[in-house]
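The values are calculated or read from the model by the stated rules, or taken from the named source; none is laboratory data. Since the structure is predicted, the reported quantities are computational estimates derived from the model, not experimental observations. A quick note on method: Cβ atoms are made from the backbone with ideal geometry, for glycine too, and the neighbour counts reach across all protein chains shown. Side chains are part of the model used for accessible areas, which takes the heavy atoms of the whole protein and leaves out ligands, DNA and RNA. Shrake-Rupley method; radii C 1.70, N 1.55, O 1.52, S 1.80 Å.
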Amino acid sequence: MTGVLQGKNLVLGVTGSIACYKALDLASKLTQAGANVDTIMSYGATQFIPPLAFRSLTHRPVIVDTFDPDSELSIEHVQLAEKADLVVVAPATAHFIAKVAWGFADDPLTTTILATTAPVLIAPAMDGHMYENQATQDNIEKLKTRGIRFVGPASGHLASGLTGIGRLVEVPQLVGHISALLGRDGDLAGRTIVVSAGGTQEAIDPVRVITNHSSGKMGYALAEAARDRGARVVLVSAPTGLDDPAALEVVKVRSASEMRDAVLEAVKGADALVMAAAVADYQPADVSDQKIKKDSSALTIELERTPDILMEAQGSFLKIGFAAETEELLANAKDKLDRKALDLIVANDVSKEGSGFGADTNKVTLVGKSGEVEDLPLMSKHDVAHRILDRVKALLG
Ligand code: C5P
């Protein structure tokens, strides 16, 4: 299974903001993901970045000037508008947004936007006051009512030296929004999928926790893959070192009991619950209010069981569990499947190379309700996620 960007025709519009250096990275990431990226640059953008830079990254001609008599591409923008699956403009200046809002078509990019029936996603980047100016706000509102989507701007350091709103959203976020938009009519459209991820932290005192090695990568891959197939996704995440995925709801929790509350709330009306989180099985029975001081004697901490979330979550949704094991993989997985009344369990031997914690790959065995076993080869967590979702899709009918 390949990603939603594979083989898609994208038009990348780049306008004259210093943030267009980030558009190079975006062009590269989209191309690496298998998209055909045609770049159209405004005159202003070409003053910051030479078109050759985009050409080198996308391996495709770059359109810069409709009236260039030497260009064989002079009417191609209409063709590009026709075949585009999506037009994304990043960064978009206030000037460009104003032109689109008023229907101008005096350069290749505005002409393409006027001519396309594909979804258009605009990522503004400009000085904070320019963004907040009523003229810009009115133009953005006008475009939103016409179905044009906006992402950002974000807040933070601005090229002007000021801090505030106006930054182009970061490239991984842009890729996430583009993927979500391309996948919106996918085979899980109309479904709500709750995914848990990460390793819970059980407090001992205000500074210490009991946790595990879960990186959250498998759960995040599942959440993104479900989003890219059109599902509405709620990701209930215990702490991880990962950035929040774009275009889905992220609920941050720490402990098993916080995760329990968040999951039980999120599954109301959901179609499936995929518990990829490594939930602690035990928590300290008493959490000290103050940092526990060391002394010469040994320390004993009494542990009690955490709530079993999969057991407690009851409803008409599918339940998919994970079994991270170091021995007796299949027997333990089957036992869990029965005990927790699951529809599917994903068993992985975390002691195997390339599997489990922190790795970008995983080797799992899927065990279904009636005991059928599907052994998958070592593959990326992204691909594992899609194989699990194929089963979810089949189970949902
Ligand atoms: O029983 P065990 O903890 O090994 O089962 C693992 C599966 O159960 C995982 O899907 C995990 O997310 C889930 N789990 C849970 N609540 C717990 C512990 C684990 O839902 N307290």
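Worth a mention:
- Those residues of segment 34-58 which are under 23 Å from G183 (Cβ atoms) and in contact with a Lys or Arg (Cβ under 9 Å, 6 or more places away or on another chain), in sequence order: G34, A35, N36, V37, D38, T39
- Of the candidates V346, V350, the single residue that is β-branched (V, I, T), surrounded by 12 or more Cβ atoms within 10 Å (Cβ to Cβ) and more than 11 Å from the ligand (Cβ to nearest atom) is V350.
- Residues that are basic (K, R) and within 21 Å of A323 (Cβ to Cβ), drawn from segment 258-287: R260
- Output for segment 1-19, where each listed residue is more than 16 Å from Q32 (Cα to Cα) and in a loop (DSSP other than H, G, I, E, B): T15, G16, S17, I18, A19
- Which numbered condition G358 fails, given (1) in contact with a strand residue (DSSP E or B) (Cβ under 7 Å, 6 or more places away or on another chain); (2) within 25 Å of D228 (Cβ to Cβ); (3) surrounded by fewer than 16 Cβ atoms within 10 Å (Cβ to Cβ): (1)
- With a requirement of 2 or more residues that are within 11 Å of the ligand (Cβ to nearest atom), open to solvent by less than 20 Å² (accessible area, probe 1.4 Å) and in contact (Cβ under 8 Å) with a residue 24 or more places away in the chain, the strands (runs of 3 or more DSSP E) lying completely within segment 190-309 that satisfy it span 192-197, 272-275.
- Search result, residues across segment 78-97 that are open to solvent by less than 30 Å² (accessible area, probe 1.4 Å) and not β-branched (V, I, T): L80, A81, A84, L86, A90, P91, A92, A94, F96
- Against the list (1) within 27 Å of Q201 (Cα to Cα); (2) more than 16 Å from the ligand (Cβ to nearest atom), the condition H386 fails is (1).
- Considering segment 149-168, and only residues there that are open to solvent by less than 20 Å² (accessible area, probe 1.4 Å) and in a loop (DSSP other than H, G, I, E, B), the residue that is farthest from V87 (Cα to Cα) turns out to be L158.
- Scanning segment 92-125 for residues being on the phi > 0 side of the Ramachandran plot and in contact with a Leu (Cβ under 6 Å, 6 or more places away or on another chain) gives a total of 0.
- Residue match in segment 104-115 (condition: open to solvent by less than 20 Å² (accessible area, probe 1.4 Å), over 30 Å from the mean Cα position of the chain (by Cα), at pLDDT below 95 and over 27 Å from P172 (Cβ atoms)): yes
- Of the set (1) part of a loop (DSSP other than H, G, I, E, B); (2) over 23 Å from the mean Cα position of the chain (by Cα); (3) among the small types (G, A, S), all apply to A324 but (1).
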